[in-house]
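Taking it in order: structure first as structure tokens, then the write-up.
The values are calculated or read from the model by the stated rules, or taken from the named source; none is laboratory data. Given the structure is predicted, the values throughout are model-derived calculations rather than measurements. Heads up, the Cβs are rebuilt from the backbone with ideal geometry, glycines too, and the neighbour counts pull from every protein chain shown.
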Amino acid sequence: MKIRIKFSKYGIMKYIGHLDMMRFFQKAIRRAGIDVKYSEGFSPHQIMSFAAPLGVGMESRGEYMDIEVLSMTSTQDMKAALDQAMVEGVEILSVTVLPDNAKNAMASVAAASYLLQKKESDYPVDDLSGKLQAFLSQETIPYAKETKKGVVELDLKEGIYELASDGPDAVRMTVNASSSGNIKPGMVMDAFCSFADVEIPAGSYQIIKLETYTDLAGEFVPLDAV
Amino acid sequence: MRKTALSEEILLQVEKPARYIGNEVNSVVKNREDVAVRFAMCFPDVYEIGMSHLGIQILYSMFNSWEDVWCERVYSPWVDLDRIMRQQNIPLFGLESQEPVKDMDFLGITLQYEMCYTNILQILDLAQIPFLATERGEDMPIVIGGGPCTYNPEPIADFFDLFYIGEGETQYRRLLDWYVENRTQGGTRQDFLRGAAQIPGIYVPQFYEEMYYEDGTVKERRKRYEELPDTIRKEIVTDVSDTYYPLKPVVPFIKVTQDRVVLEIQRGCIRGCRFCQAGQIYRPVRERDADVLKRYAVEMLQSTGHEEISLSSLSSSDYSQLNELLEFLIEACGRKHVNISLPSLRIDAFSLDVMSKVQDVKKSSLTFAPEAGSQRLRDVINKGLTEEVILKGAALAFEGGWTRVKLYFMLGLPTETEEDIWGIGELSNKIAATFFETVPKDKRVNGKVQIVTSTSFFIPKPFTPFQWASMCTKEEFLEKAYQTKKGIMEQLNQKSIKYNWHEADVSVLEGVFARGDRRVAPVILEAYRRGCLFDSWSEYYKNDVWLKCFEDCGVDIGFYTTRERSDDERFPWDFIDCGVTRQFLLREWKKAQEGIVSPNCQTQCQGCGAGTFQCGICPTAS
């Protein structure tokens with residue numbers, strides 16, 4: 001049976017990297033006594049996959065991972081058992097049974113929404129809302145991405161589905177998060193800074209992932225709504 | 001929400017911020033208003049090493065089981081954070097409260113190896129506590145040292161208010177009670193130390209003075225107060241099945257060296273290898289009951305979620321209930337997909353059978369520790385292992401499918417000759433030959449066998465029969481390693497043998513610290529001031545700086561290392577009583593020189609002196 005678990009990660013836990021989060025959950029699943037399925041061989045591991053890695057320093061209210069179990073009583077019991085195995089800064093938000101033919105979490109990801117919350121002051125931009133609109137209505141949104149092979153010129157326009165201010169100290173966006181066209185929120189912010197000719201250091205705002213979406217017949221729905 | 005001592009900017013800048021934030025599963029957070037004593041427990045090395053240490057987990061859980069005590073963990077900030085803390089004047093903090101160590105009542109530092117000594121000074125420095133115990137004010141934490149290195153605490157005596165000699169489970173309650181009582185009475189730091197010096201196992205170095213002869217050897221020790229004890233007797237848990245054990249050990253977020261449940265099956269060792277300090281200072285051997293261990297295993301796997309469990313002891317094959325315990329673990333762990341990592345077991349049919357059940361034979365390797373290349377020298381060091389046993393074990397293993405063998409030897413042992421060194425290559429070669437004789441060509445995996453032969457350099461340690469022995473110079477060590485390499489190269493099967501050897505510089509320094517006295521302390525302080533830190537990490541070890549510090553401080557390395565001691569020389573550590581007597585050690589030293597083997601505790605009691613503790617194997621030994 002395939003199970004999808006939605007969780008949040010915040011506060012002190014934002015310093016824990018992706019691989020360590022996987023280790024944390026492997027141990028938590030054992031502590032919770034979940035009858036999880038293991039791979040074969042001499043060093044069997046739990047069948048577990050994450051929707052997308054979350055960078056160190058980021059918070060999230062919409063992280064997902066899939067596991068396979070051999071047996072379970074109910075999703076409520078499983079959530080209660082997992083709750084007991086958590087630490088401050090990780091919260092189980094939902095436990096859902098997936099249809100057998102469901103794609104795995106990682107393959108399902110199409111988009112993600114983020115909140116970029118300014119930490120100590122407002123964004124240093126007059127008419128933030130208007131400037132974001134003007135930024136988004138450009139014909140192209142060029143972005144020079146640095147890769148191992150050198151600088152690659154991208155156009156972010158296609159992958160930004162929504163971009164708006166949320167008061168003077170926050171920006172919301174929904175962007176492509178699929179494996180082929182993933183856009184990091186920091187990339188959008190950098191491009192905006194060049195456009196508006198302002199400086200907003202990456203460390204001056206907290207990135208919070210709000211939700212991870214899959215594409216269901218042309219519509220974005222949260223990953224646990226399949 | 002939990003606060004952090006370090007700002008977000010710093011935490012996102014340093015390597016592995018998880019080392020510094022606490023919040024791990026099973027870590028203990030108490031309300032500071034509810035406790036009378038706050039204890040910072042420190043392992044002076046990086047988090048991943050320190051978190052792997054069982055002793056700290058035992059004491060941490062014991063302290064926190066007491067309602068009036070809050071024990072927190074402290075590890076050495078890695079070099080990147082070290083730099084930032086100095087620049088920004090950030091005081092060292094406990095992981096649980098994220099509050100400064102200097103505001104706590106005690107700072108306990110475990111001393112597991114000599115090469116951590118400059119890290120002690122880093123801890124004190126970053127905690128903003130004066131280096132010298134005599135310069136600490138009333139409001140500073142009491143700095144306590146514990147662990148194996150306290151069996152010769154003299155080189156670092158100036159830096160500690162007191163040392164706890166022996167096993168921590170027995171006297172800490174009394175020590176903390178006295179601390180609270182003294183504080184309630186309005187007593188001073190000196191009052192506390194004077195009272196503490198009356199508690200068994202507690203040594204307050206500033207109350208004693210060491211006097212030397214003109215030739216540099218120890219003449220006598222003077223004590224400042226009449227009531228002080230002349231000798232400090234080590235503390236010991238008499239019944240290890242009925243004591244504290246960390247059933248909810250802290251589970252780190254990041255991968256650490258020992259990322260598993262650890263079951264300590266026994267303390268002490270019956271063997272009495274003459275180079276081994278642990279084999280003497282932890283006597284007598286005391287087994288933990290198998291039923292207790294089974295219960296611990298189940299509870300600890302449940303409370304941690306670890307996917308691996310390992311047994312801990314000095315010689316697991318000597319544990320009398322090993323068979324029963326392993327059968328249980330294989331059954332219980334197999335069901336839960338828990339791996340069993342086996343300690344080095346004596347290689348025989350039983351252990352090979354067990355290993356084949358819990359390991360992938362093709363991927364795992366077998367370990368033998370003959371320690372010396374010839375039977376003559378193995379008799380000198382009292383290592384019972386014979387060539388016949390090794391070759392028989394190897395043949396059995398090769399038949400079982402193993403193709404990798406690790407061999408451990410020491411170079412520079414007392415009485416060592418060229419033939420002994422040649423014997424290392426020869427024995428490695430015989431094991432390779434055994435493979436080709438045992439396994440027919442068509443059954444050889446990849447067609448070959450892999451022997452990895454490693455040598456370390458022998459360092460004489462206090463409370464061993466070799467405490468009188470001369471240690472080699474760096475040049476002698478390197479020549480011996482060269483001879484070993486040459487000896488291996490000349491073997492028929494040399495292509496199957498890989499040779500590794502240990503650094504020589506750092507061994508010499510370890511030799512100085514191991515048998516040093518109070519005159520070594522200024523060198524350690526000076527080396528720290530000149531940037532020495534993390535000396536056990538070869539990439540940070542600065543040998544030239546160390547050598548210059550010895551020279552500038554006027555301390556002669558050879559006095560502590562190469563000098564052979566006379567039978568009646570007074571040693572800096574003689575005031576410690578670890579049970580094993582000096583007469584026994586001297587007797588063993590003489591027997592070693594004649595190449596006479598001593599039977600182990602199981603076979604025949606040798607009257608070492610540990611019998612006075614009246615526990616473990618001693619009351620029943622023949």
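Summary table
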quantity	calculated
Strands (runs of 3 or more DSSP E) wholly inside the stretch B:128-234 that include at least 3 residues being in contact (Cβ under 8 Å) with a residue 12 or more places away in the chain and hydrophobic (A, V, I, L, M, F, W, C)	B:142-146
Matching residues in the stretch A:94-141 - criterion: being under 26 Å from residue A:57 (Cα atoms) and part of a strand (DSSP E or B)	A:94, A:95, A:109, A:110, A:111, A:112, A:113, A:114, A:115, A:116, A:117, A:118
Residues that are surrounded by 17 or more Cβ atoms within 10 Å (Cβ to Cβ), more than 26 Å from the chain's Cα centre (by Cα) and more than 14 Å from every other protein chain (Cβ to nearest Cβ), drawn from the stretch B:292-327	none
Filter result for the condition that a residue is surrounded by fewer than 16 Cβ atoms within 10 Å (Cβ to Cβ), of a type in the set (Lys, Arg), farther than 25 Å from residue A:86 by Cα and in contact with an Asp or Glu (Cβ under 8 Å, 6 or more places away or on another chain), over B:234, B:219, B:255, B:223	B:223
So residue B:41, is it away from every other protein chain (no Cβ under 14 Å) and either of a type in the set (Ser, Thr, Tyr) or over 30 Å from residue B:266 (Cβ atoms) (or both)	no
Elements of type helices (runs of 4 or more DSSP H) contained in the stretch B:413-520, each with 1 or more residues being closer than 22 Å to residue B:395 by Cα	B:418-438, B:474-489
Boolean, residue B:31 is more than 16 Å from the chain's Cα centre (by Cα), on the phi > 0 side of the Ramachandran plot and either of a type outside the set (Lys, Arg) or within 12 Å of another protein chain (Cβ to nearest Cβ) (or both)	no
Given (1) surrounded by fewer than 19 Cβ atoms within 10 Å (Cβ to Cβ); (2) assigned to a helix (DSSP H, G or I), number of the condition residue B:28 does not satisfy	(2)
Verdict on residue A:80 being part of a helix (DSSP H, G or I), away from every other protein chain (no Cβ under 14 Å) and of a type in the set (Gly, Ala, Ser)	yes
Number of positions in the stretch A:1-42 that are part of a helix (DSSP H, G or I) and of a type in the set (A, V, I, L, M)	7
Total residues in the stretch B:351-362, condition surrounded by fewer than 15 Cβ atoms within 10 Å (Cβ to Cβ), within 18 Å of residue B:334 (Cβ to Cβ) and modelled with pLDDT under 80	1
Criterion: surrounded by fewer than 14 Cβ atoms within 10 Å (Cβ to Cβ) and within 14 Å of another protein chain (Cβ to nearest Cβ) - qualifying residue of A:120, A:162, A:139	A:120
Residues being assigned to a loop (DSSP other than H, G, I, E, B) and surrounded by 15 or more Cβ atoms within 10 Å (Cβ to Cβ) - total across the stretch B:577-594	4
Residue check for residue B:354: within 14 Å of chain A (Cβ to nearest Cβ) and within 29 Å of the chain's Cα centre (by Cα)	no
Yes/no for residue B:244 being surrounded by fewer than 22 Cβ atoms within 10 Å (Cβ to Cβ) and either more than 14 Å from chain A (Cβ to nearest Cβ) or touching a Pro at 6+ places or on another chain (Cβ under 7 Å) (or both)	yes
Residue in the stretch B:360-370 that is within 14 Å of another protein chain (Cβ to nearest Cβ) and more than 30 Å from the chain's Cα centre (by Cα) present	yes
Unmet criterion (only one of (1) within 14 Å of another protein chain (Cβ to nearest Cβ); (2) more than 30 Å from residue B:464 (Cβ to Cβ); (3) in contact (Cβ under 8 Å) with a residue 40 or more places away in the chain) for residue B:341	(2)
Among (1) among the hydrophobic types (A, V, I, L, M, F, W, C); (2) within 14 Å of chain A (Cβ to nearest Cβ); (3) buried (at least 18 other Cβ atoms within 10 Å of the Cβ); (4) in contact with a strand residue (DSSP E or B) (Cβ under 9 Å, 6 or more places away or on another chain), the one test that residue B:106 misses	(2)
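Residue by residue, here is whether (1) more than 24 Å from the chain's Cα centre (by Cα); (2) within 26 Å of residue B:507 (Cβ to Cβ); (3) among the basic types (Lys, Arg) holds:
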site	(1), (2), (3)
B:567	yes, yes, no
B:582	no, yes, yes
B:594	yes, no, no
B:601	no, no, no
B:620	yes, no, no
